[in-house]
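Okay, structure first, notes after.
Throughout, read-outs are computed from the coordinates displayed, never taken from laboratory work. Please read all numbers here as calculations on a predicted model, not as lab measurements. Glycine gets a Cβ as well: all are built from the backbone with ideal geometry, and neighbour counts include every protein chain shown.
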Amino acid sequence: MRLRYQRHTVGKFGPGKWPALMIWFADEVTGSEYVAMFNCILTRARSTGKGKKGDPLPPGQFRVATKSAFAMLWRSTDFPARYLRDIHRRVTMLSRITLTGEVSKGDRLHAASLRVWQECGNACGNSVASECGKSIPQTHEPSSLQVDSSTGIYCRSNKVNKVSAVTAITTVVREPIHTCPYCDGEGCKWCDLANQSEEEWLKAYA
């Protein structure tokens, strides 16, 4: 799930009127909206000329604890950690990046699961992830080592055009290697067939 910040609000929610930061995100693929709720602090940390410690902050302002889920999410981005000091002015910066997370119920996101979207690429080993947590098997180039169905000899070739009664072979590149399954390279009729010249090989299949 690829999520993009849409808007946020702060206040006291739930039966206990807990202070919280609510952020709405939109799925970049489906457009569906989801909401995540983070713990926050709505009171002053210290006394200043504008108010005493413990007094309510002005509407729209909030603080977050150092080890809170939102602080952990912020630190997972490339945004400066110092912005957490006045995060109420910086939270909209999340709209610049793509996030991902897990749905807990309905349209609610599990806040602690939110993290920056990352393309796994080669870091995923034998798989390429189009979405973290959802792997797609890696596609490998087909091996150029093939078995000649007529001789049983393993040959490494580039492109061999199909032979037909109407169309002649235009390009055939054969590079025999000494891995005969019948004589282990000591020499047999199958090796002779594999070591034919290009003209002899084409003549045999004309």
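Odds and ends about this structure:
- So A36, is it in contact with a strand residue (DSSP E or B) (Cβ under 6 Å, 6 or more places away or on another chain) and among the aliphatic types (A, V, I, L, M): yes
- Odd one out for S32, checked against (1) in contact (Cβ under 8 Å) with a residue 24 or more places away in the chain; (2) in contact with a Leu (Cβ under 8 Å, 6 or more places away or on another chain): (2)
- Residues satisfying the stated conditions in the stretch 44-76, i.e. in a strand (DSSP E or B) and either in contact (Cβ under 8 Å) with a residue 24 or more places away in the chain or surrounded by fewer than 14 Cβ atoms within 10 Å (Cβ to Cβ) (or both): T48, P56, R63
- Taking the conditions (1) out of contact with any His (no Cβ under 9 Å at 6 or more places or on another chain); (2) loosely packed, with under 15 Cβ neighbours inside 10 Å in turn, T92 satisfies each one other than (1).
- Taking the stretch 12-29 as the range and being out of contact with any Phe, Trp or Tyr (no Cβ under 6 Å at 6 or more places or on another chain) and free of Cβ contacts under 8 Å to residues at least 24 places away in the same chain as the test, the residues that pass are G14, P15, G16, K17, W18, M22, W24, A26.
- Scan of the stretch 63-81 for residues that are among the aliphatic types (A, V, I, L, M) and under 14 Å from F38 (Cβ atoms), ordered by number: V64, A65, A69, A71, M72, L73
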